[in-house]
Each structure stands twice: as C-alpha cells, then as structure tokens.
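Encoded as structure tokens, the structure appears first; notes follow it.
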Amino acid sequence: MHNFLEKLPALVDEIKSLKEIIITNIVLIGQTPAPTFREKKRSKLFMDRLAEFQVDEVTTDGYRNPIGIVRGSDSSKPPIFVLAHLDTFFEKDQPINYIIKENTITGPGLLDNSLGVGVITSLPAIFKRLDLQFESDIVLAGTIQSIGKGNLRGVRHLLKTWPTPIRGGICIEGVELGRLNYSSDGMIRGEIHCSVSGDRSNLDEYTPNAIIVLNEVMNEIMNLKTSQRPRSRIVIGKIRGGANHGKIAFEAALGFEIRSDSYKIVKKIFRHIKDIVEGISHENEVDLNLKTISNLRASRLKYNHPLVKNSAAVLETLGIKPFSKSTESAQSIFLSQKIPAVTLGITHGENVYKDKATMEIEPMYKGIAQVIGVLMAIDSGVCDEQ
Amino acid sequence: MNNNWLAKNTFHYSDFKDLNRLVEEKKKKNLKISLCLPTLNEEKTIAKEIIILKSELMTRYSLLDEIVVVDSGSTDKTRQIARAYGADVHKATEIFPHLEPYKGKGENLWKALYITKGDIIIYLDADIKNIHHRFAYGLLGPLLLYDHIKFAKAFYDRPISVGKNKMRPTGGGRVTELVIRPLFSLFFPDLTQLIQPLSGEYAGFRDVFERIPFPIGYGVETSMNIDIYQKWGLDVMAQVDLDRRIHRNQDTKALGRMAFVILKTFINRKIRLGLIDLKEELFDEMIQYNLVNDEYQADIFKIEGHERPPIIEIPEYREKFKIDRTQIQKRREA
C-alpha cells in the first residue's frame, strides 16, 4: 500500500493526459437526460461507452442497472464495486447542453451526478493508461432509480442479488473533493398530502383551505422536540398547493425528511408526525395522507476501519484534506449489507441543484487519482482484515 | 433531371459508425485529414467541439490529423479557450496579410485551405450546441469509402409530425425553402435533391476546394453547391443525415439579410455562367424597416458580396503545396 501511495501524486498528470476523453464522457453522459425512472437513454449510453473502451463484460442486472466488469487476475477474490447513480434530479426529459470553458464545465445535473457517471465510464481508459491490473474484478455500475421516490432501488437490487460476496465499494459523487463519507444517517422522507373535497355542500366561508391545514401540520411538526444525542432533525423541504391567488386551495402537499444517527429515533419522530396528521385530519374533516417516499437505516464504519484509515491516507498523500459527514447515498446500502464502502467527491463545484451547476476541471484529476488510490487499497486487502 | 442521385448518394451517419474501418481506409489511401472550425465569438461552444472531436477522432481513433480554428476577430475568449484545448488557432487577418482583409465565414474557410495540411478538409460551424463526433465521421464516411465522392454535405432532422407518434425529417430552414429551393427548381433542378443546401457542415477533398471561388459571407454554401455541380457533376457529391443539430435561432430580419446575400451570389453565378444577362448592376444594400415612435426608420445594410478566387490561383498557396502551373493546366484538362 505504501509503495503505491508514493506513486499516487505522479498519477495525476497521467490522468490529466486523458482529459479530452474524461471531459467528453462527462459531457456526453450529462447531455443525455435521465430523470428518475426514465434513465433508459443514459443507461444505454453508459453501456455503449464502456463497450467502446473494451471493458471485458458489459451487461445489465435483473433490475436493468447497467454494469461493466473489468476482469481481475485472481478469480478467488470477490469483486470491488465502483458506482454512481445514473438518475438526475433534473426532471426535464429534453436535450441538455453543457458549456465548457477554460477551467469549468456548466450544466444541469452535472454535479449530481453526471460527473460521477462520466468518471466511471472513463475508468477503463484510465486503467489502461496507468497500466493497472487488479486482483479483484472491478464492477463499474451506474445505478438507476436512486433519487427521491427512486429510494435507491437500483443499488438495493444490485447488491442484494449479486451472486458472490463483495469485497468493498466506492460510491462516487460529483462534489465535494475531500469528502470521505463512511457513515449514513437513518432517514425517512415523507409526503403529506391534503385534499379538500370540491363538491362539499358548504362551499362558503367554512370550507377548509388545504394550504392552511398543512400550515397547521407544519406548526405542530416544528413543535416536536428533536434530540441532541442521538442527533436528529426534521427538514421541511418542499411545499406546493393551490391553483389561483383568489381561490381556496383544494390540494396541497408537503415534503419532509427526518434524519438521525439512530433509526429508532427516526421512526419515533415519524410516528409523532403520523399522530399529528391523523389529529388534524379529524379536526378539519379533510383528507390528510402521510406517505413514506424513502427510508434508510443508519449505518457506519468506524473511523479506525482500515478502509477509512487508508482512504484518508490516500487523500492526504494527494494533498486533499479529508472531511466527513453523514450521507444518504448508495453507501448506506453497502453498509447495511455489511460491505465496507466509502463515498468520495471528485472536484469542487457550485450551484449543485441548479441549471447552472458548475464544476472546476483542474481538481478533478486529483479526485480521480484518489478513486484509483482507494481502489488499490481495497484490492490490496484493507477490507478483508475485519 | 438526375433523380437517382438522392437514393444513391444520400447516407445516414450510422452507415459509417465503424470507425476502425474508416481509419483503415484513411491509412490505405495515405490521406491526411484536417478539421477546420471558423469562429466569431464562440466561447460558449468552441471548447466542447474541440474536446469531443479530439477525444473521439484523434486520441481514440486516428482519423483527424489536426484541428484548426480560423477566427474572424472574436472579442470574447474564443481564441484563448481554443488554444487551451489544443487547437491550432489563427486569426484570419494574419493569413495572407498582404490581401485586403474581409470578414465572414467564407473568408475563413478559404484561408483555412492555406494553413491546413489535409488532403480532406472538414468544415464544421463552431456554434453546434449538441456537438458529437458523428458530425465529422459522418461526413468523412462517403469520402473515404466511395472513390467517386469528393464532397459530402450534412443535413439534419427538422422533425414534423406526420400522424400520431410519427415524426420524420423534412427539408431545410426558412431561407432554404423560401429562397434556395425555388431558385434551384427554376435553374438547377438536380440540386433540389440537396435536402439542406445551406447546412454549414461539409467535407471535401482539397483538390475540389482549391479550385472553386469562395464568397466571403453567407453565399459560400450556395456557390459551393453550384460550382461543384457545374465543374464535376452531381455524382461527386453526397449528403449525410447527421440526425439532430441544435441551431442558434435567427430572427426573420437576419434571415432576410441572409437571403439577400444568397440571391446576389446566385444571380452573379448565373451571369458568370452566361445563363442570364442583366441589363443593369445589382444594388448592394439590403433595406429593412423598423417602426420607431410611430415612424418607419430604414435599417440599411451594405453587403458588397466580395468573393475570393480559387485559392490555387494564389502564388503562395501554389508554392506551399508545390503546385506548378502545368499541373493546374493538366487538372483543368482532366
């Protein structure tokens, strides 16, 4: 491992020499729309690009997650997974145009997560340029149905149905370089929908307003006590409703997220919200429905886990200062299945969830070198020790 | 009218997606290929074009030998960005500095012939938002795989609905359908088979481009079609469906000025070919009106319509490419 660490900084320039290929992959992937549940075009492109780079096997799993396998030299070693989610929060299913300037690339969905997917499709060319051979098979996956209502279904299926043990995993996200995530909060995302019947006989001043009802729900939720230990919090993240400035709103919806170190606390808060919803529904004689959109159990690697320690060493060798925060990415699915995994960010960027999401190009080469470094660490056995 | 041409010489880019085969043909025929991007303030699109074409057709498949940018004097960062991504960048005014400089796409294309090395030159507009390497290999395909084809022109899907869930590509844009196609129908019916005669993307052999004149501005595509057709016939030409191209929208007045230049180029060609005799000079001003504070005000655009001669007639060019006058004579006879 240490030998390889010494060589890591020199790899950055080698990786940079493939900049046209890497940027092309990012742009071609990013310009192919992939809203959650409609990832087919991007999935095909992902496989086409891997096939063009002569990956040993390109296929889909039973859930249609596209994957490419770079065969390793030792068939007795379990595979290592490198994955990024294919879908983007950007809903429009229409052509997207990225803009490349001297030091930046800009475009919707770039940082979450076209950049990550583009980097994965470039890895076969990078392995070849660096003359890298791994003992394990490297499984390059673009998982579908991750975001929002997707609820990480793609990665859940991929890992659950994989026929062999898995040695370790690296989840790639566009930003932020230095991110070294090894824990996931417990989380429930829910939606409360309020519906007022339009054919009530008393369509007068007594007709409840769906927005006002949801406001009442919000106030009650904000009165809930969240604990400091285990850490927990509630975020009201989305609201929509009504049709017209001068009309009573018959429909309204509220999106929220509960997060905590402890999944028990998450469930407890969710039960409280359920009580609030039932109470207000009864008092106002309206339909209030509470729905779970997605959920995750809390899971974590210890800081002294060899994968975490070695990953931090890789980052530091490259002059990247590691920082950690909890994530609700695919990593949590790895960890919940007792597969050691970390999440890494590739570069610096801004406007992550806006049309003008922008990444810096230059730091990306270090970001890719860190992925190679962590892959080498897993291949050398750091996940096998525990 | 030679109406077999459309069926025989129309291709789809996917006919040429076996890039290894194109590379083999290029090697076998010992050809060099240059890509030229004429620019004027294209900082938003130029990098993407260079990177994608370099990645796919230079680094991964050695089809292109050089990417050359000829710039009309951009005031944004076009030249700086193009250089940063490895293109060979030239200011148009610095090529043949002793000639009177003109500003226009045709000028850049013409001058590019002097600074490029290729036996085949691909010209792509630099404002293609959805650039993909098919734009270049699609045009190269017919030139590399069919010995009789010397010039290939792009056309694109401009889909219209033809029933539920059915779309099909149709003809060109407004200027094509309202100006060019009627003119071709009247005077050169064979050329009506070009689906989009004004498309800005084409490729051809140097010995075709060096022997035709280049109008400076918008007229370059029209004159190129007519000149190649007149000199070598329709069979040396091909057209390739490159799928979709996302265009920069132009307003009707801009299209009007475009139509003016094209009409002028067309009429001048007819005069030169002795096909019509005009009793008086054409005017060189396009006059358009705007309503400002309840008054009509004229916008007058002077469009002189300069034209560069076949570049083979320029001594520096002949010297650089080692062409002597006897060769030119022989080529003429051939």
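The values are calculated or read from the model by the stated rules, or taken from the named source; none is laboratory data. Quantities reported herein were computed from a predicted structural model and do not represent experimental measurements. Here Cβ is always computed from backbone atoms with ideal geometry, including for glycine, and neighbour counts include all displayed protein chains.
Brief remarks on what is shown
- All told, A:VAL342 falls short of being among the hydrophobic types (A, V, I, L, M, F, W, C) and under 15 Å from A:VAL12 (Cβ atoms).
- Any hit, the range A:102-109, residues being away from every other protein chain (no Cβ under 14 Å), closer than 27 Å to A:ALA369 by Cα, surrounded by 24 or more Cβ atoms within 10 Å (Cβ to Cβ) and touching a residue at least 12 places away in the same chain (Cβ under 8 Å): yes
- Total residues in the range A:341-369 satisfying the condition of being assigned to a loop (DSSP other than H, G, I, E, B) and not β-branched (Val, Ile, Thr): the figure is 7.
- Candidates are the residues of the range B:40-96 that are among the aromatic types (Phe, Trp, Tyr) and surrounded by fewer than 20 Cβ atoms within 10 Å (Cβ to Cβ); the one that is nearest to A:GLY118 (Cα to Cα) is B:TYR61.
- The range A:51-97: number of residues that are buried (at least 21 other Cβ atoms within 10 Å of the Cβ) and assigned to a strand (DSSP E or B): 11
- There is at least one residue in the range A:50-69 that is touching a residue at least 24 places away in the same chain (Cβ under 8 Å), within 12 Å of chain B (Cβ to nearest Cβ) and not charged (D, E, K, R).
- Meeting the requirement of 1 or more residues that are at pLDDT 95 or above, within 14 Å of another protein chain (Cβ to nearest Cβ) and in contact with a Leu (Cβ under 7 Å, 6 or more places away or on another chain), the strands (runs of 3 or more DSSP E) wholly within the range B:56-171 are B:66-71.
- Of all residues in the range B:286-301, those being under 15 Å from B:LEU255 (Cα atoms) and either of a type in the set (D, E, K, R) or in contact with an Asp or Glu (Cβ under 6 Å, 6 or more places away or on another chain) (or both) number 3.
- So A:ILE188, is it buried (at least 19 other Cβ atoms within 10 Å of the Cβ) and modelled with pLDDT of 95 or more: no
- Taken together, the criteria place A:PHE256 among residues that are at pLDDT 90 or above, within 14 Å of A:LEU224 (Cβ to Cβ), in contact with a helix residue (DSSP H, G or I) (Cβ under 8 Å, 6 or more places away or on another chain) and among the aromatic types (Phe, Trp, Tyr).
- Among the criteria (1) without any contact (Cβ under 8 Å) to a residue 60 or more places away in the chain; (2) away from every other protein chain (no Cβ under 12 Å), the one A:PHE89 does not fulfil is (1).
- Residue pairs whose Cβ atoms lie under 6 Å apart, sitting 6 or more positions apart in sequence or on different chains, and linking a residue in the range A:296-316 that is on the phi < 0 side of the Ramachandran plot to a partner that is β-branched (Val, Ile, Thr), are A:LEU301/A:VAL308; A:PRO306/A:VAL382; A:LEU307/A:VAL382; A:ASN310/A:VAL382; A:SER311/A:VAL342; A:SER311/A:VAL374; A:VAL314/A:VAL374.
- Condition check for A:GLY148: under 20 Å from the mean Cα position of the chain (by Cα), in contact (Cβ under 8 Å) with a residue 60 or more places away in the chain and buried (at least 19 other Cβ atoms within 10 Å of the Cβ): no
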